[in-house]
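> Questions regarding the structure given below will be posed in turn.
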Amino acid sequence: MATAPARVLTVAGSDSGGGAGIQADLKAMLALGTHGMSVVTAVTAQNSLGVQRYWELPVEAIEAQLRSVLDDIGVDAVKTGMLASARIVATVARVLSTVTAPIVVDPVSVSTHGDPLLAPEALAAVRELLLPLAIVVTPNLPEAEQLSGLTVRCEADLARAAEAIAALGPRAVLVTGGHLDGPESVDVLWDGRTMRTLRAPRLDNPHTHGTGCTLASAIAARLALGDQLPEAVTAAKAYLTGAIAAGFPLGAGTGPVDHGWRWR
């Protein structure tokens with residue numbers, strides 16, 4: 001009889017276009033050799049041009065999904081993404097506070113296209129209830145500015161934002177610098193003791209839909225497989241860099257990264 005692979009749970013919104021959200025999460029988890037499971041928090045009407053609308057699921061439905069997975073199957077790592085509202089954040093945080101597996105928080109607030117995905121009043125709930133549960137939180141530049149209250153315009157600002165966000169309670173912070181200009185994509189990882197800088201060539205490919213979801217899910221998958229956090233982040237960034245390089249056009253706007261690039 002085959003042995004079950006490592007179990008990774010995504011708690012996030014659905015992307016009808018398949019490039020981000022739980023669809024991207026599950027693809028990344030499979031690509032990295034784990035069994036992905038999902039708790040849907042919201043349903044989006046979304047394509048390559050942006051998010052046209054979204055609908056939150058009732059918190060009772062979200063909690064029931066969480067209990068169903070956690071009470072029977074269990075998890076080796078959890079990744080959270082789009083949580084949409086303060087009520088959803090509070091519900092997810094309350095249930096996940098009982099989980100001993102590592103939790104990766106992708107503090108999704110704005111889509112790749114600039115569409116808001118988190119109610120303004122929910123930001124305080126993310127800071128106060130969710131971040132303290134995280135082994136690592138993975139904000140991009142706009143999210144890092146929201147969480148830290150700082151302006152992030154250069155590499156030195158990445159480190160300052162990481163330290164400010166770490167003060168909110170997560171064990172580590174990975175601020176991704178894909179929105180900065182320059183020949184390299186620079187991320188910083190701060191764990192309260194060491195500031196690590198991760199660099200990769202900046203790729204000339206506009207099809208980058210789903211990068212944040214993919215990175216956080218890849219980190220969760222590597223943690224579920226037994227990596228320590230620095231190794232998980234390094235492996236996840238290498239996987240994402242390949243996925244961005246292979247990103248492909250889809251529809252009339254921004255296409256997705258290619259989660260299956262290693263198989264092609």
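> How many of the residues in the range 183-196 are in a strand (DSSP E or B), over 18 Å from the mean Cα position of the chain (by Cα) and at pLDDT 95 or above?
Residues of the range 183-196 that are in a strand (DSSP E or B), as a first pass: 184-190, 195-196.
Subset that is over 18 Å from the mean Cα position of the chain (by Cα): 184, 195-196.
Among the residues that remain, those that are also at pLDDT 95 or above are: 195-196.
Total meeting the criteria: 2.
> Would you mention how many residues in the range 104-152 are under 17 Å from the mean Cα position of the chain (by Cα), surrounded by 15 or more Cβ atoms within 10 Å (Cβ to Cβ) and free of Cβ contacts under 8 Å to residues at least 24 places away in the same chain?
Qualifying residue count for the region: 1.
> Quick one: would you say Gln65 is more than 28 Å from Thr208 (Cα to Cα) and over 18 Å from the mean Cα position of the chain (by Cα)?
Considered against the rule, which asks whether it is more than 28 Å from Thr208 (Cα to Cα) and over 18 Å from the mean Cα position of the chain (by Cα), Gln65 comes out as yes.
> Still on this structure, please answer the following. Picking from Leu118, Leu66, which residue would you name as being more than 18 Å from Ala172 (Cα to Cα) and modelled with pLDDT under 95? If you could, list the steps in order and put the result at the bottom.
Values: Leu66 fails: modelled with pLDDT under 95.
Answer to the selection: Leu118.
> Go through the range 153-182 and give me each residue that's free of Cβ contacts under 8 Å to residues at least 60 places away in the same chain, in a loop (DSSP other than H, G, I, E, B) and crowded, with 24+ Cβ neighbours inside 10 Å. Explain how you work it out, then say what you get.
Step one: filter the range 153-182 for residues free of Cβ contacts under 8 Å to residues at least 60 places away in the same chain, giving 153-169, 171-182.
Right, trim to in a loop (DSSP other than H, G, I, E, B) and you get 153-154, 167-169, 171-172, 177-182.
Selection gives Gly177 alone.
> Also, quick follow-up: Residue check, Ala167 against (1) touching a helix residue (DSSP H, G or I) at 6+ places or on another chain (Cβ under 8 Å); (2) closer than 19 Å to Val105 by Cβ, all met but one. Which one?
Result: Ala167 passes all but (1).
> Which ones in the range 20-48 are surrounded by 19 or more Cβ atoms within 10 Å (Cβ to Cβ) and in a helix (DSSP H, G or I)?
Gly21, Ile22, Gln23, Ala24, Asp25, Leu26, Lys27, Ala28, Met29, Ala31
> Inspect all residues belonging to the range 7-19 and state whether any of them is within 21 Å of Thr98 (Cβ to Cβ), in a helix (DSSP H, G or I) and either more than 15 Å from the chain's Cα centre (by Cα) or touching a residue at least 60 places away in the same chain (Cβ under 8 Å) (or both).
No, because not a single residue in the range 7-19 is within 21 Å of Thr98 (Cβ to Cβ), in a helix (DSSP H, G or I) and either more than 15 Å from the chain's Cα centre (by Cα) or touching a residue at least 60 places away in the same chain (Cβ under 8 Å) (or both).
> Checking the conditions here, which among Ala90, Ala4 is surrounded by fewer than 20 Cβ atoms within 10 Å (Cβ to Cβ), of a type in the set (A, V, I, L, M) and under 25 Å from Ala124 (Cβ atoms)? Give the derivation first.
Details: Ala4 fails: under 25 Å from Ala124 (Cβ atoms).
So the residue among Ala90, Ala4 that is surrounded by fewer than 20 Cβ atoms within 10 Å (Cβ to Cβ), of a type in the set (A, V, I, L, M) and under 25 Å from Ala124 (Cβ atoms) is Ala90.
> So for the range 85-92 (the condition being in a strand (DSSP E or B) and either of a type outside the set (Lys, Arg) or closer than 30 Å to Gly177 by Cβ (or both)), does at least one residue qualify?
The first filter runs over the range 85-92 and keeps only residues in a strand (DSSP E or B), leaving none.
The answer is no, given that none of the residues of the range 85-92 is in a strand (DSSP E or B) and either of a type outside the set (Lys, Arg) or closer than 30 Å to Gly177 by Cβ (or both).
> So which of Ser85, Ser111, Ser16, Ser68 is hydroxyl-bearing (Ser, Thr, Tyr) and touching a Gly at 6+ places or on another chain (Cβ under 8 Å)? First the steps, then the outcome.
On the way: Ser85 fails: touching a Gly at 6+ places or on another chain (Cβ under 8 Å); Ser16 fails: touching a Gly at 6+ places or on another chain (Cβ under 8 Å); Ser68 fails: touching a Gly at 6+ places or on another chain (Cβ under 8 Å).
Every option except Ser111 fails the conditions.
> Tally time: how many residues in the range 249-264 are closer than 15 Å to Leu26 by Cα, outside any helix (DSSP H, G or I) and touching a Gly at 6+ places or on another chain (Cβ under 7 Å)?
3
> On to the next question. Within the bounds of the range 225-248, is there any residue that is part of a loop (DSSP other than H, G, I, E, B), surrounded by fewer than 24 Cβ atoms within 10 Å (Cβ to Cβ), polar (S, T, N, Q) and touching a Ser or Thr at 6+ places or on another chain (Cβ under 6 Å)?
No; the residues of the range 225-248 include none that is part of a loop (DSSP other than H, G, I, E, B), surrounded by fewer than 24 Cβ atoms within 10 Å (Cβ to Cβ), polar (S, T, N, Q) and touching a Ser or Thr at 6+ places or on another chain (Cβ under 6 Å).
The values are calculated or read from the model by the stated rules, or taken from the named source; none is laboratory data. Remember, it's a predicted structure, so these values are computed and weren't measured experimentally. Every residue, glycine as well, gets a Cβ built from its backbone with ideal geometry; the counts of neighbours run over all protein chains shown.
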